[in-house]
Amino acid sequence: MLLNQFNQTIKNQLWIDLGKPNLNSVPILKKVVLNYRVKDAASNKEALENASNEIMAIAGQKPGLASAKKSEASFKIRKGDPLALKVTLRGERMYAFVEKLFNLVLPRLRDFKGLPVSAFDGQGNYNMTIKDQTYFPEIDLNKVNQIRSLQITFVVSSTSKDNAKMLLSALGLPFEK
């Protein structure tokens, strides 16, 4: 299990590599946020239900509904219309998802040569998008009626991009060379 490996070896190795004053100042993975956009959720309740079941199978947790905060006429969106599903993973579920993502899903991507280093934001968080939800082993291909993308955000306690990159590399995230 990745959580046990992190607590026993990875955290101590990062402490030595980064030269931090104490073990509690080592960057850790705080949470993983999954966003699952459902384009026709406002008009098609069945699509929203199917998407909810899919992300529940992927994350192992019931998603929250993200709705529009204001109306936008050019996109035909009204205030309160459902737009996406959102799941925040922490603790054991987070590490189980991260392990599954790094070891099962990313190697299945076509022509995968690693993830870009440029996807870090200013606070050291990493954002990535998987264009097809069928790469996840929990998805039943017979029940998929539309291909959707899944946006994944790794929230790291470090404010430095380099420290966050070292943590994610130690956890097993394959960056491009």
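What to note about this one:
- Shape class for segment 63-162: oblate, because the ratio a/c of the largest to smallest gyration tensor axis (alpha-carbon atoms, square roots of eigenvalues) is 1.5 or more and b/c is at least a/b.
- DSSP-loop trypsin sites (Lys or Arg not before Pro) across segment 88-161, with at most 15 other Cβ within 10 angstrom: R90, R110, K113, K131, K143
- Additional length obtainable on full extension of the chain from Q13 to K62, 0.36 nm per residue less Cα span: 14.2 nm
- The separation of segment 120-162 from segment 1-60, counted between C-alpha centres, amounts to 9 Å.
- Beta bridges per DSSP with both ends in the chain, % antiparallel, nearest 5: 95 percent
- Tilt relative to the chain, helix 91-100 - C-alpha long axis, 0 to 90 degrees, to 10: 80 degrees
- Spatially close Lys pairs in segment 1-88, defined by Cα atoms under 19 Å apart and a spacing of eight or more places or different chains, total 21.
- Put in line by how crowded their Cβ is, counting other Cβ atoms within 10 Å and starting with the fewest, T153, T129 read T129, T153.
- Note on S160 and M1: with the Förster distance fixed at 25 Å, the Cβ-Cβ geometry gives a FRET efficiency of about 0.35.
- Where (1) 15.9; (2) 18.2; (3) 17.6 are the candidate values, the label of the one calculated here for Kirkwood radius over Cα pairs in Å is (3).
- Inter-site label distance for S25 and R90 at 7 Å from Cα along Cβ, in nm: 2.5 nm
- The slack in the chain from R37 to A119, taken as 0.36 nm per residue of separation less the alpha-carbon distance, amounts to 27.6 nm.
Throughout, read-outs are computed from the coordinates displayed, never taken from laboratory work. Since we're looking at a predicted model, the values are computed, not measured. Positions of Cβ are backbone-derived with ideal geometry, glycine not excepted, and every protein chain shown enters the neighbour counts.
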